[in-house]
Amino acid sequence: MSSDTDNTTHFGFQTVAEGEKAGLVHGVFSRVASKYDVMNDLMSGGIHRLWKDAMMDWLAPRPGQRLLDVAGGTGDVAFRFLKRAPGAMATVCDMTEPMLIEGRKRAEADRLADRLDWVVGDAMALPFADGSFDVYTISFGIRNVTRIADALAEAYRVLRPGGRLMVLEFSRIPNDLLQKAYDLYSFNVIPVMGQVVTGDRDSYQYLVESIRKFPDQESFATMIRQAGFAQVKYRNMTMGIAALHSGWKV
């Protein structure tokens, strides 16, 4: 029988043992946690905020729902959800405690404290019972998971029947010329920006590489269907730089 140390996966463009990837990813986000939100704004010119708002528009949160936001880090998605859904509850789950600590420092965390939980946990082995949530979201996190199929299976497990999965992730621009221009920006500007702002070039080099290793829109939609979800659809954001994926547990 094979083990995590026998099987390999990618960490950016590197090949590593499966058992090593989670620790490497944990290291990346621990190092950049204090500057994570600032870098998101700088890298995207603030557009990531529009993508998250579009996510909420499509999701249409309803009063009283229970949200699980996996790889939720500093709470961006959970805060948006709670502001749109009176009486709703949210749990932010992330493997990197320093990210959760940064989230708790935000002003929204104080205002929404009675409706918000912060939990350290692994997307591939969530510490929650079957059918615990109405909505599962993960934004810019699933590409960092060692086994994406396992994370999707866990999403299916913790959702109640009728529950909704929504994934926001970097994707592929369906235009070769525009993709090449985006690659030039990503590989030449973002790592340098990471060095200047956070003092950590390597972490942002990994983040750029991890985007290129993630499946394209159709391939990822197929993975969602294989996990058991129905009515799977996706929408491209900003020409396909990112994509929103939706599925239902029926």
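Things worth noting here:
- Residue that is surrounded by the fewest Cβ atoms within 10 Å (Cβ to Cβ), among those in the stretch 14-42 that are touching a Ser or Thr at 6+ places or on another chain (Cβ under 9 Å) and over 14 Å from Met99 (Cα atoms): Thr15
- Within the set Met43, Met39, Met95, the sole residue that is over 30 Å from Leu184 (Cβ atoms) and among the hydrophobic types (A, V, I, L, M, F, W, C) turns out to be Met95.
- Among the residues of this structure, Ala107 counts as one that is surrounded by fewer than 18 Cβ atoms within 10 Å (Cβ to Cβ), farther than 26 Å from Val145 by Cα and at pLDDT below 95.
- Only one entry in Thr137, Thr96, Thr91, Thr74 is more than 17 Å from His245 (Cβ to Cβ), modelled with pLDDT of 95 or more and hydroxyl-bearing (Ser, Thr, Tyr), namely Thr91.
- Listed by position, the helices (runs of 4 or more DSSP H) enclosed by the stretch 4-68 that each have at least 1 residues that are in contact with a strand residue (DSSP E or B) (Cβ under 6 Å, 6 or more places away or on another chain), of a type outside the set (D, E, K, R) and at pLDDT below 90 are 18-32.
- Unique match (being assigned to a helix (DSSP H, G or I), within 18 Å of Gln65 (Cβ to Cβ) and over 17 Å from the mean Cα position of the chain (by Cα)) among Asp110, Asp114: Asp114
- The stretch 84-96, subset in contact (Cβ under 8 Å) with a residue 40 or more places away in the chain and outside any strand (DSSP E or B), residue nearest to Arg160 (Cα to Cα): Met95
- Listed by first and then second residue, the pairs linking a residue in the stretch 115-142 that is at positive phi and crowded, with 22+ Cβ neighbours inside 10 Å to a residue that is assigned to a strand (DSSP E or B) and charged (D, E, K, R), with Cβ atoms under 8 Å apart and 6 or more places separating them unless they lie on different chains, are Phe140/Glu169.
The values are calculated or read from the model by the stated rules, or taken from the named source; none is laboratory data. Note that the coordinates shown come from a computational prediction; the quantities given were computed from them, not determined experimentally. Note that each Cβ is placed from the backbone with ideal geometry, even for glycine, and that neighbours are counted across all protein chains shown.
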